[in-house]
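Please read the structure below before turning to the comments.
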Amino acid sequence: LPAGLNPEDLLEMYSTMVLVRTLDERIWLMNRQGKAAIVASCQGHEGAQVASVAALRPGTDLFYTYYRDLGVMISVGMTPVQIMLAFMAKAGEPMSGARQFPSQGAIPDLGLVNLSNVVATHLPQGVGAALAKRMQGSDAVVAIYFGDGASSTGDCHEAMNFAAVHRLPVIFVCENNGYAISVPVSKQMAVDSIATRAAGYGMPGVTVDGTDAAAVYEVTAAAAERARAGEGPTLIEAMVERFKPHTGDDDHTRYRSAEELTNLLSRDPVQILRSQLVASG
C-alpha cells in the first residue's frame with residue numbers, strides 16, 4: 001500500500017463507497033418514480049471520488065465539486081438525509097435551501113462548494129479560493145473536480161494557466177469517463193490523454209486508474225504534499241466509467257453499444273476494492 005494508507009483506511013473507503021453506491025441507486029429509482037426531478041449518477045466514479053478525499057484534509061482543505069460528485073460530498077461530511085432533502089427539494093436542505101439543482105450551493109463549514117450547474121465555471125472560482133487561502137497564510141489545498149467535457153472549456157484553460165503561473169495550492173481532478181454527455185473524448189480533443197495538457201501550463205500531469213482506490217490515494221497525496229510545499233498545482237486524470245446515462249433525462253443506448261455497456265461492469269470500483277480486500281484477508 002502507498003505510504004500513509006493502511007488496511008483499515010481501505011475498509012473505511014469501501015464502506016463509504018458502498019454507502020454512496022446504495023444512495024445513488026436509491027436516488028436513481030426515485031427519479032424513475034417521478035420523486036426526484038433530475039439526477040446525475042456517480043456510479044462508476046466512486047473510487048476516484050472517495051479515495052481522493054481520503055488523501056486530503058476535510059475541514060481544512062476546500063472541495064469544489066461538480067454535479068456528479070456524490071462520493072466527494074458524502075466523504076467530506078454531508079449526510080444521506082441531507083442528500084435526499086436536496087433531490088426531493090425539501091426544507092432543511094443545507095446547500096441552497098432546496099432552491100437550486102440538487103446538491104448545488106455551498107456548506108462553508110465543510111469546505112464544500114458547488115456553485116453552478118454550468119460546466120467548468122467553478123474552476124477559476126476554485127483557483128481564486130486557493131489564492132485567497134495562500135494570502136491568509138493557510139496551508140489549505142483546493143481540490144477542483146470536473147469531467148472530461150469541462151476540460152475543453154475556456155474556464156479550464158484560464159484556471160490552470162493562472163494556478164500554474166502563481167504556483168497555487170490546487171489539485172485539478174479530472175474524472176474522465178470518456179463522454180461529455182454523448183460526445184466521446186475522441187471527438188472532443190486531439191490528444192490521447194488529458195493529463196498531457198499539464199505540460200503546456202508548466203505543472204505535473206498524471207493519469208491514474210480511477211477504479212483503483214489505493215492508486216488514486218497515492219497520486220492525490222503526492223499532489224497535496226507538493227501543493228502544501230508551495231510547489232504549485234497538479235492535474236490528475238482519473239480514468240473512470242459512467243455506468244448510467246448522463247442524467248436521468250438521457251438515453252445512452254443511443255450512442256453506446258450493448259457490448260460497451262456490458263463491459264463497463266468489469267471496471268466497477270466498488271467490486272474491485274471488495275475483491276482486493278477479500279484477497280488480502
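Quick look at the numbers
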{"read-out": "Residues located in segment 116-137, provided they are part of a loop (DSSP other than H, G, I, E, B) and in contact (Cβ under 8 Å) with a residue 24 or more places away in the chain", "value": "N117, V119, A120, T121"}
{"read-out": "Meets criteria (open to solvent by less than 70 Å² (accessible area, probe 1.4 Å) and within 16 Å of the chain's Cα centre (by Cα)) for G149", "value": "yes"}
{"read-out": "Candidates S96, S186, filtered to the one that is over 18 Å from the mean Cα position of the chain (by Cα), over 25 Å from A55 (Cβ atoms), of a type in the set (S, T, Y) and part of a helix (DSSP H, G or I)", "value": "S186"}
{"read-out": "Counted residues, segment 231-271 - those being acidic (D, E), in a loop (DSSP other than H, G, I, E, B) and either over 26 Å from S15 (Cα atoms) or free of Cβ contacts under 8 Å to residues at least 12 places away in the same chain (or both)", "value": "4"}
{"read-out": "Residue list for segment 232-265, filter: among the small types (G, A, S) and either in contact with a helix residue (DSSP H, G or I) (Cβ under 7 Å, 6 or more places away or on another chain) or open to solvent by 90 Å² or more (accessible area, probe 1.4 Å) (or both)", "value": "G232, A238, G248"}
{"read-out": "Subset of segment 272-281 [free of Cβ contacts under 8 Å to residues at least 24 places away in the same chain and part of a helix (DSSP H, G or I)]", "value": "S275, V278, A279"}
{"read-out": "Which listed residue is open to solvent by 30 Å² or more (accessible area, probe 1.4 Å) and either farther than 18 Å from P245 by Cα or in a helix (DSSP H, G or I) (or both), from S75, S52", "value": "S75"}
{"read-out": "Hey, F162 under 11 Å from P233 (Cβ atoms) and within 20 Å of the chain's Cα centre (by Cα) or not", "value": "no"}
{"read-out": "Residue count, segment 132-146 (criterion: open to solvent by 10 Å² or more (accessible area, probe 1.4 Å) and either within 21 Å of C42 (Cα to Cα) or in contact with a helix residue (DSSP H, G or I) (Cβ under 7 Å, 6 or more places away or on another chain) (or both))", "value": "1"}
{"read-out": "Test: residue in segment 221-230 that is part of a loop (DSSP other than H, G, I, E, B) and over 17 Å from the mean Cα position of the chain (by Cα)", "value": "yes"}
{"read-out": "Scope segment 27-36; condition part of a helix (DSSP H, G or I) and in contact (Cβ under 8 Å) with a residue 40 or more places away in the chain; matching residues", "value": "I27, W28, M30, N31, R32"}
{"read-out": "Subset of segment 1-17 (residues that are farther than 20 Å from T65 by Cα, aliphatic (A, V, I, L, M) and part of a helix (DSSP H, G or I))", "value": "L10, L11"}
{"read-out": "Subset tally (residues that are open to solvent by 50 Å² or more (accessible area, probe 1.4 Å), aliphatic (A, V, I, L, M) and under 17 Å from F101 (Cα atoms)) for segment 1-37", "value": "1"}
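The values are calculated or read from the model by the stated rules, or taken from the named source; none is laboratory data. Predicted, not measured: the structure shown is a model, and the values here were computed from it. A quick note on method: Cβ atoms are made from the backbone with ideal geometry, for glycine too, and the neighbour counts reach across all protein chains shown. To get the accessible areas, we keep the full protein, side chains included, count just its heavy atoms, and leave off ligands, DNA and RNA. Shrake-Rupley method; radii C 1.70, N 1.55, O 1.52, S 1.80 Å.
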